[in-house]
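Shown next, in structure tokens, is the structure this report addresses.
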């Protein structure tokens, strides 16, 4: 207990000491023993009237030290705010948008990083107005690149998280996402860089003033040192003239550095900074009819080295109003990429061809602004998994209410009422009070229900769900099944590895293999008689079918241009070395040479 108390005092000490300096700077008249204009004998030794003695013209050194704190701290504060704000802005824009923005902004940052800061400051201060504001401006304009680099790195980490994708999925604009979801999550890094920038600015201002480049009308601690050494303080034994400013500068810089390190390495890892059955009447907003069609959709990713990776090839789908489609297949087959392409959330290196028809529009031709008008309002996306799916710094209720506030312009209170209502119907216990909790206070199953609530709260007619049961135990999985089965009037596309779950919630099943669809059928037809050998293998691999895993057959007949399942297929023949077309068989379709061309 004693060690914890000592540690707590040690942590608070820098802030307390720095607070004392700030009070001295804000209220110098209450702390200074005499006015700076009051003159006495020069070079007086410390005594009862002058605790630090006097300077070469008889000014009280303690009063001069207290009044000088205003200039030193003001320059450090202004320069820190300017450098941190500019660096955070550049780093956020570069990290979030990437591409050309990132390249150009980082090249500009590199140029500033190559410039020697202190000589440049001295040069600019010598030719500009030497007042405190000018010095702070010059320091701030040369000190931002380090902050920009650090902020960019953190933004790159944050923008790939699922809660950022969720925010974009409900139609939030870029600057809203940056201001509400990204910057608060890297705020402690920005504050740390701000305190370190203030410490650096304090040292630079002292150096510039010590060289005599400051305005003599605005005396700082550095200017006091300049006068002490040029006024013969050392020769006359006036140690109280130059030692106190050195002490104040050193202690202030030390306190700022310690506070910055505290922001970078917070002790409390568990703090907030770290990180009923559903039915179709869940949504208080008006329901809308929906259907969409995908024609020859292909997505390829281009690498920086010129490599091209196909993620989706010639996919065609039709989902009618109120129908539920489940897309199944092994990991890496392109299922999640399909959903992201429907939402326009693919990275910049993705090249999309084909058509995605929704409400008469081809989504492949929409701009980012056009997608923002659809996301959330008409298209909803529930991301995969519970890790990083919610913003750790925002309360759960606020995140659910966020979409309706963006799209419907509701007041905070009205949006929160809608959020509480849908959370209750999603089965969140005590939703009226638990909506004020943070994501880390929720279990995995509860977070998954919150994500579904976020997808439904705005009245979107087409819902895309990526692995809604991933990581859930059987009880929570069954709960999710009941929730989705209640959305009979909704149109949704579900990506899952769980065939039993797909059977319980979907009307139709589409099977993906190696970026292509290989079969689409009704749930009944698929589970009673799958046509494609890969679809048959998926069913046999289920526990209810004995967990039979297909072996390796006819390995010599493998051709990269042919069927992707040929190496594992027991029915493979020579024709399988060419890719078969998708054959329409009325109520179902299949891509296999067993059923003709």
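We did not get these values from a lab; they are worked out from the coordinates using the rules stated. Note that the structure is predicted; figures quoted are calculated from it, not measured. Don't worry about glycine lacking a Cβ; one is built from the backbone with ideal geometry, like all the others, and counts go over all protein chains shown.
So how do 305-313, 142-150 stack up, highest first, on mean other-Cβ count within 10 Å?
Final packing ranking: 142-150, 305-313.
Per DSSP helix of 4 or more residues, -39500 (n - 2.57); summed, then divided by the residues of the chain. What does that give at 222 nm, rounded to the nearest 500?
It lands at -15000 deg cm²/dmol.
Expressed as a rounded percentage, what relative contact order does the stretch 375-436 have, with Cα pairs under 8 Å and six or more residues apart?
Details: 41 pairs, mean separation 19.5, N = 62.
Normalised by residue count, the contact order of the stretch 375-436 is 32 percent.
Between residue 349 and residue 122, what is the label-point separation in nm under the 7 Å Cα-to-beta-carbon projection?
With each label placed 7 Å out from Cα toward Cβ, I get 4.5 nm.
How far is it, in nm, from the label point at residue 587 to the one at residue 302 when both lie 7 Å from their Cα along the line to the Cβ?
4.5
To the nearest 0.05, what FRET efficiency results for residue 321 and residue 570 with a Förster distance of 25 Å applied to their C-beta separation?
Between residue 321 and residue 570 the formula returns 0.05.
What's the center-to-center distance, using Cα atoms, between the stretch 412-461 and the stretch 79-152 in Å?
Centre-to-centre distance over Cα atoms comes out at 42 Å.
Per residue, how big is the convex hull of the stretch 11-264 when only Cα atoms are used? Give it in Å³.
About 135 Å³ per residue, rounded to a whole number.
At 20 °C and a viscosity of 1.002 mPa s, what translational diffusion coefficient does Stokes-Einstein give for the stretch 292-412, taking Rh as the Kirkwood radius over Cα pairs? Give it in µm²/s as a whole number.
Using the Kirkwood radius from Cα pairs, D works out to 131 µm²/s.
Using the beta-carbon distance between residue 104 and residue 309 and R0 = 25 Å, what value does 1/(1 + (r/R0)^6) give for FRET efficiency, to the nearest 0.05? Mind dumping the intermediate values first?
Working: r = 27 Å, r/R0 = 1.06.
Efficiency computed from Cβ-Cβ geometry: 0.40.
Looking at the chain only, what percent of DSSP beta bridges run antiparallel? Nearest 5 please. Before the final figure, lay out each step's value.
Details: 30 of 48 bridges.
Among the beta bridges of the chain, antiparallel pairing accounts for roughly 60 percent.
With 10 Å bins from zero, work out the P(r) of the chain over every alpha carbon pair and list the percent per bin.
3, 14, 19, 18, 14, 11, 9, 6, 4, 2, 0, 0
At R0 = 45 Å, how high is the FRET efficiency between residue 191 and residue 578 if r is their beta carbon distance? Nearest 0.05 is fine.
0.15
Please report the relative contact order for the stretch 11-264, taking Cα pairs under 8 Å with a sequence separation of at least 6, and give it as a percent rounded to a whole number.
This gives 26 percent for the stretch 11-264.
Please sort 291-304, 434-447 by packing, taking for each peptide the average over its residues of neighbouring beta carbons within 10 angstrom, highest first.
Put in order of decreasing packing, that is 434-447, 291-304.
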